[in-house]
Amino acid sequence: MINKREEILKQATRYRWEIGENLHDSILESIYSEAANIAKVVVTRDNEKRKFDWDRWIDKLVTGKWTGFPIMFLLLAVVFWLTISGANVPSALLASLLVDTIHPILKSGAEYLYFPWWLSGVLIDGAYLALAWVISVMLPPMAIFFPLFTLLEDFGYLPRVAFNMDNLYKRVGAHGKQALTMSMGFGCNAAGVIAARIIDSPRERLIAIITNNFSLCNGRWPTQILIATIFIGGAVHPMLAGFTSAAAVMSVAVLGVFFSLIVSWLLSKSVLKGEASAFSLELPPYRPPRFLQTLYTSLIDRTLMVLWRAVVFAAPAGIAIWLVSNITIADITLAEYFVKNVNPYAAIIGLNGVIILAYIIAVPANEIVIPTVLMLTALTSNIAGFGSGAGVMFEMDSLSDTEMLLRSGGWTLLTGINLMLFSLLHNPCSTTIYTIYKETKSLKWTLISTFLPIAMGIVICFFVAQFWRLLV
């Protein structure tokens, strides 16, 4: 019995050994076969003509020393142009529907139901109008930008962007993938903060989160374009106005990238000391984008999620705007009182009290900055003929009327320039602040991410204002 058991064990051992040898041989054969296939692609033998390879040819262009960055900036500019130009019509249609059509219907309904004037003002002129502006201004650009961004990601180009930027970010102690989070931030900073999850190192992920606000999100593009068109384009010959305005907006966007590098370097040398981690990046092959998956990912997972958060925060902002514009003390509204007292201090940094108040109230959403600025300018400067009353945000179809209102409120070229800079360098919106806290689980880093850009904005605007006054 014992001898039979030993014989069975010997046979089983021999069988396992033979299976192991066969498996080992199979693995080696697979490795050699793969190596041979790679060699056929990358090795050119004597007297053998190199085969044309599309991936290699495209990579030479998009990752080349002299062509990589120009192509990257060109593609980014095309995405911005398609986003801004393509969003104009749907944004106008949404604004016409939500603001010009539904808002009056709601007001009439409130009158029919005998709502008190203050309740109608708070709910319809305040909360509803803020929601309407956020949806009409924010939804169309995101619905265009995020699908375009996802298409570039599916095609395989975005890893090449990280490859191009890796050396630059490594020099400042950050991670090459931060280039991707910054690019996502141009659509929405909250989405850019979430995108920082692709960075494995906690230190470098935190740097990417803190500096993402230096990417101009789509909520700030309307401010940049409007102010650049009125004040920058208006300061040059009409034939050069369009080009000059576009160059000014792109310069602010590039300046944001520059500030992100500077702040990343300062953080990596101070509170977030450490060496940049090794970045092993496998460039995937180029492949046709998957359009249905792209639409789902960009519209459901990104656009609607971010829009919902913005909408939740926008309603309280609209209520605050209406209240400060209608609550009076000694026949002076809170808005007028604030603007009058803050104007002298705001002038030191080349701004005014209206801008400061608008950015305080519009913390929940950058999309309502311009309607708030126009309403507050008409209110605090006692300019008749604009808007529908105190606390009712509005925009004008005529660029010349907008310019006339702002200049009547005391705006100058310096005000326009510093507003563009302050639009770049100010606190993140409420949606982004909330997202930063969710991602970091730290009140400390949330506060740093919030107040660091404001401090930089005040300092930069101060020096620009002093330099401007020396020139003038």
Checklist entry - Across segment 45-74, what is the total count of residues that are part of a loop (DSSP other than H, G, I, E, B), surrounded by 11 or more Cβ atoms within 10 Å (Cβ to Cβ) and modelled with pLDDT under 70? => result 2
Checklist entry - Condition test on S136, is it touching a Leu at 6+ places or on another chain (Cβ under 6 Å), in the same structural domain as S298 (by TED's automatic domain parsing) and of a type in the set (S, T, Y)? => result yes
Next on the checklist: Looking at segment 165-182 only, could you name the residues that are surrounded by fewer than 24 Cβ atoms within 10 Å (Cβ to Cβ) and either closer than 21 Å to L216 by Cβ or of a type in the set (S, T, N, Q) (or both)?
Outcome noted: N167, L168, V172, A179, L180
Item to check | Positions within segment 210-220 being in a helix (DSSP H, G or I) and either surrounded by fewer than 24 Cβ atoms within 10 Å (Cβ to Cβ) or hydroxyl-bearing (S, T, Y) (or both), in sequence order | outcome: T211
Item to check | Selection within segment 429-441 - in a loop (DSSP other than H, G, I, E, B) and closer than 16 Å to V312 by Cα | outcome: C429
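Scan segment 379-389 and give yes if some residue there is closer than 22 Å to S120 by Cβ and hydrophobic (A, V, I, L, M, F, W, C), otherwise no. If you could, list the steps in order and put the result at the bottom.
If we filter segment 379-389 for residues that are closer than 22 Å to S120 by Cβ, which is where we start, we get 379, 386-389.
Now restrict to residues that are hydrophobic (A, V, I, L, M, F, W, C): 379, 386.
Checked segment 379-389: at least one residue is closer than 22 Å to S120 by Cβ and hydrophobic (A, V, I, L, M, F, W, C).
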Checklist entry - Which ones in segment 98-117 are loosely packed, with under 14 Cβ neighbours inside 10 Å and part of a helix (DSSP H, G or I)? => result D100, T101, P104, I105, S108, G109, E111, Y112, W117
Next on the checklist: Against the definition (under 17 Å from the mean Cα position of the chain (by Cα) and of a type in the set (A, V, I, L, M)), how does I436 come out, yes or no?
Outcome noted: yes
Checklist entry - Out of segment 406-426, which residues are assigned to a helix (DSSP H, G or I) and farther than 21 Å from W221 by Cβ? => result R407, S408, L414
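Being in contact (Cβ under 8 Å) with a residue 60 or more places away in the chain and surrounded by fewer than 14 Cβ atoms within 10 Å (Cβ to Cβ) narrows it down to one of A95, A77, so name that one.
The conditions single out A77.
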Next on the checklist: Suppose the filter is modelled with pLDDT under 90 and either at positive phi or out of contact with any strand residue (DSSP E or B) (no Cβ under 9 Å at 6 or more places or on another chain) (or both); does T415 pass it?
Outcome noted: no
Checklist entry - Since V236 meets every condition but one in (1) under 30 Å from L376 (Cβ atoms); (2) surrounded by 24 or more Cβ atoms within 10 Å (Cβ to Cβ); (3) of a type in the set (A, V, I, L, M, F, W, C), which condition does it not meet? => result (2)
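The values are calculated or read from the model by the stated rules, or taken from the named source; none is laboratory data. Source: prediction; values computed, not measured. Backbone-built Cβ (ideal geometry, glycine too); neighbour counts: all protein chains shown.
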